[in-house]
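Novice: Before anything else, here's the structure in question.
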Amino acid sequence: MAAETSSPTRKVGPREFASAKAATIQAVRGMNDVLPADASLWTFLEDTIRDVFRQYGYRNIRTPIVEKTELFVRGVGEVTDIVEREMYTFDDSGESLTLRPEGTAPTVRAALEHNLLYDGPKRLWYSGPLFRHERPQKGRYRQYHSFGAEALGFAGPEIDIELLVMVDRLWRRLKLDHITLELNTIGTAAERRAFRGHLIEYFAPNESLLDADSQRRLQNNPLRILDSKNPAMQPLLDGAPKLLEALGDESRERFAAVVASVRAAGISFRINPRLVRGLDYYNATVFEWVTTRLGAQSAICSGGRYDGLFEQLGGRPTPGCGFGIGTERVLLLLQDAGHRVEDAPLAYVVHVGTQASALALGVAETLRDDGFAVVVNVDGGSFKAQLKKADVSGARFALVIGDDEAAAGTVGVKPLRGEGAQVPVAVGEIAAHLARQN
């Protein structure tokens, strides 16, 4: 469905559009620019996640941003919030297409389309933007980013544990605390269908106490009512039937095995019997990593098993398990913890004079060959003006070259952070000198 509609407007030709004096164009609400001052922290987080995934043998897969709408209707669920009101959907010459609102269904679609599991189970990961038409707020945006891991073809609970241990390792690598794992099981589809009647029987006499969303869900998706965060409904929810108590022996035993392994791994967790997740493809183990540092947007990583998704998308019965990490939310935690990433160049080359300019370019390239980040002044100016630019760049050193230095084959190395006098260094010794200072 289309997330937003507008009334018909008169078409504006290219010339008229180009000549119109309009207000400055801004980004779409809820879709944010990542500016250079912030990008270094993004890169640090992305590199860290990729490295942790690599350690566990997960390989990258990249799917299109746009998919056929049917993929999410069949995969995510027709009566979910995502499909009913959050998707960005549009018509493309008679075909309904949607900006992907989540990453699991596209990954399974790709696995089916390309027969990725022909030679055995696969561990995959992906990253990129996702789109949901929601009310923008801190930690919840209309374009947001996610890192996801999907383990396809593994039937046993061991893979559930591996995914949880992998995420726990990531938090430790990032030095983030105040994060708790919440665990639950939602059993099989048959067990949930049987439990659905008990929920409707409980909530129906109290329908006036439910908020609008829960009233809408009562008949078509009552399990989602349990996940409501509305404070006014908490007393009613506390007395609701517990799904865990309605499960059969096999589901209980599987969950007990997961809980025992998580405890043995030393991961802090709590069982949340009201955790059900908002996508219809989940079954058995579901989990969320939550924090108290982000207000209402407490979940920073969510996932679970989806053993029926392959069949829903037209494939053979195939088990699956995975999770998605909210990139922006983890970045907010890193910022809250005071994490900073230094991305300034090591040196800024200041040069005045024809011979000096030629030497400046050669010195910079030689240093880059050795792995150093170096910026060369390219817009002229006096030594004084260039040194001001060097200071603003954040560089630790200014490399000062005039024609006298060029003739002598030296470079003046001037510390810009802390104390120290400018010293002449032979051109061939610059890299070694900076390495000793770095």
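Read-outs: derived from the displayed coordinates by stated rules, not from any lab. What you are looking at is a predicted structure, and each value in this text was computed from that prediction instead of being measured. Cβ coordinates were reconstructed from backbone atoms using ideal geometry, including for glycine residues, and neighbour counts include every protein chain displayed.
Novice: Expressed as a rounded percentage, what relative contact order does the stretch 72-229 have, with Cα pairs under 8 Å and six or more residues apart?
Specialist: For the stretch 72-229, the relative contact order is 15 percent.
Novice: Residue-wise, which Karplus ³J(HN,Hα) couplings in Hz belong to the stretch 58-75, taking 6.51 cos²θ - 1.76 cosθ + 1.60, θ = phi - 60°, and x for glycine or proline?
Specialist: These are the phi-based 3J(HN,Hα) values: 8, 10, 6, 10, 10, 10, x, 6, 9, 10, 5, 4, 4, 4, 7, 4, 6, x Hz.
Novice: Do the sum for the chain: with -39,500 (n - 2.57) for every DSSP H run of n ≥ 4, divided by all residues, what is the mean residue ellipticity at 222 nm, to the nearest 500 deg cm²/dmol?
Specialist: About -11000 deg cm²/dmol.
Novice: Using modelled backbone amide H atoms (1.01 Å from N, in-plane), which distant-in-sequence or interchain residues come within less than 5 Å of LEU130's amide H?
Specialist: Excluding prolines and chain starts, which carry no amide H, the hits are TYR144, HIS145, SER146.
Novice: Taking the Cα atoms only, what angle lies between the long axis of helix 36-55 and the longest principal axis of the chain, rounded to 10 degrees?
Specialist: Helix 36-55 sits roughly 60 degrees off the main axis of the chain.
Novice: Among HIS133, HIS433, HIS114, which comes first, then next, by fewest other beta-carbon atoms within 10 Å?
Specialist: Placing the least packed residue first, the sequence is HIS114, HIS433, HIS133.
Novice: Let's test the formula: R0 of 30 Å, r as the Cβ-Cβ distance of TRP42 and SER382. What FRET efficiency results, to the nearest 0.05?
Specialist: Efficiency for this residue pair is about 0.25.
Novice: Could you size up the charge dipole of the stretch 347-437 around its Cα centre, putting +1 on the beta carbon of Lys and Arg and -1 on that of Asp and Glu, and report it in debye to the nearest 20?
Specialist: Here the size comes out at about 340 debye.
Novice: Using a Gaussian network model on the chain with a 10 Å cutoff between Cα atoms, which of GLU113, GLU84, GLU162 fluctuates the most?
Specialist: Result: GLU113 has the largest fluctuation of those listed.
Novice: Angle, helix 327-336 long axis vs. longest principal axis of the chain, Cα atoms, 0 to 90°, nearest 10?
Specialist: 60
Novice: Still on this structure, I have one more. Give me the angle, in degrees from 0 to 90, between the Cα long axis of helix 158-174 and the longest principal axis of the Cα atoms of the chain, rounded to the nearest 10.
Specialist: It works out to around 40 degrees.
Novice: Continuing with this model, one more query. For the pair LYS68/VAL392, report the inter-label distance in nm, with labels modelled 7 Å from Cα in the Cβ direction.
Specialist: Label at LYS68, label at VAL392, 5.4 nm between them.
Novice: Tell me, what ³J(HN,Hα) does each residue in the stretch 99-114 have, in order and in whole Hz, if you take phi through Karplus 6.51 cos²θ - 1.76 cosθ + 1.60 with θ = phi - 60° and put x for Gly and Pro?
Specialist: Values per residue, Gly and Pro as x: 5, 4, x, 7, x, 6, 4, x, 5, 5, 4, 5, 5, 5, 4, 9 Hz.
Novice: Over the stretch 287-389, calculate the relative contact order: mean separation of alpha carbon pairs under 8 Å at least 6 apart, over the residue count, as a percent.
Specialist: Relative contact order comes out at 18 percent.
Novice: Additional query: For the chain, set up a Gaussian network in which alpha carbons nearer than 10 Å are linked by springs, and say which option among TYR348, TYR282, TYR144 fluctuates the most.
Specialist: TYR348
Novice: Describe numerically, in nm with one decimal, the distance between label points set 7 Å from Cα along Cα→Cβ at GLU419 and at GLN215.
Specialist: So the label points at GLU419 and GLN215 sit 7.4 nm apart.
Novice: Still on this structure, I have one more. Quick check: residue separation of GLU342 and ALA296 times 0.36 nm, minus the Cα distance between them. What number comes out in nm?
Specialist: Between GLU342 and ALA296, full extension yields 13.5 nm more.
Novice: Residue-wise, which Karplus ³J(HN,Hα) couplings in Hz belong to the stretch 376-381, taking 6.51 cos²θ - 1.76 cosθ + 1.60, θ = phi - 60°, and x for glycine or proline?
Specialist: 10, 4, 10, 10, x, x
Novice: Over what distance in Å are the Cα centres of the stretch 375-389 and the stretch 118-168 separated?
Specialist: 47
Novice: Most exposed first by the Cβ proxy, i.e. fewest other Cβ within 10 Å, how do THR48, THR63 rank?
Specialist: Fewest-to-most ranking of THR48, THR63: THR48, THR63.
Novice: Please compute the contact order of the stretch 347-437 in relative form: average sequence separation of alpha-carbon pairs under 8 Å and at least six residues apart, divided by the residue count, as a percent.
Specialist: It comes to 30 percent, rounded to a whole number.
Novice: Based on alpha-carbon centroids, what's the gap between the stretch 170-222 and the stretch 234-313 in Å, whole number please?
Specialist: Cα centres, the stretch 170-222 to the stretch 234-313: 9 Å.
Novice: Specify whether the C-alpha gyration tensor of the stretch 347-437 places it in the rounded, prolate or oblate class, a ≥ b ≥ c being the square roots of the eigenvalues: rounded for a/c under 1.5, otherwise prolate if a/b is larger than b/c and oblate if not.
Specialist: Cα axes put the stretch 347-437 in the rounded bin.
Novice: Then there is this: List MET233, MET87 from most exposed to least, where exposure is judged by having the fewest other Cβ atoms within 10 Å.
Specialist: The order, fewest Cβ neighbours first, is MET233, MET87.
Novice: In a GNM of the chain with a 10 Å cut-off on Cα contacts, which of ARG140, ARG396, ARG293 has the highest mean-square fluctuation?
Specialist: ARG396
Novice: If I model a spin label as a point 7 Å beyond the Cα along the Cα-Cβ vector, how far apart are those points for GLU78 and TYR118 in nm?
Specialist: 3.4
Novice: Assign one of three labels to the chain, namely rounded, prolate or oblate, based on the Cα gyration tensor with a ≥ b ≥ c the square roots of its eigenvalues; rounded applies when a/c is under 1.5, prolate when it is not and a/b is larger than b/c, and oblate otherwise.
Specialist: prolate
Novice: Can you give me the long-range amide H partners of ALA398? Hydrogens built in the peptide plane at 1.01 Å from N, cutoff under 5 Å, separation of 5 or more residues or another chain.
Specialist: Hits under the 5 Å cutoff: TYR348, LYS414, LEU416.
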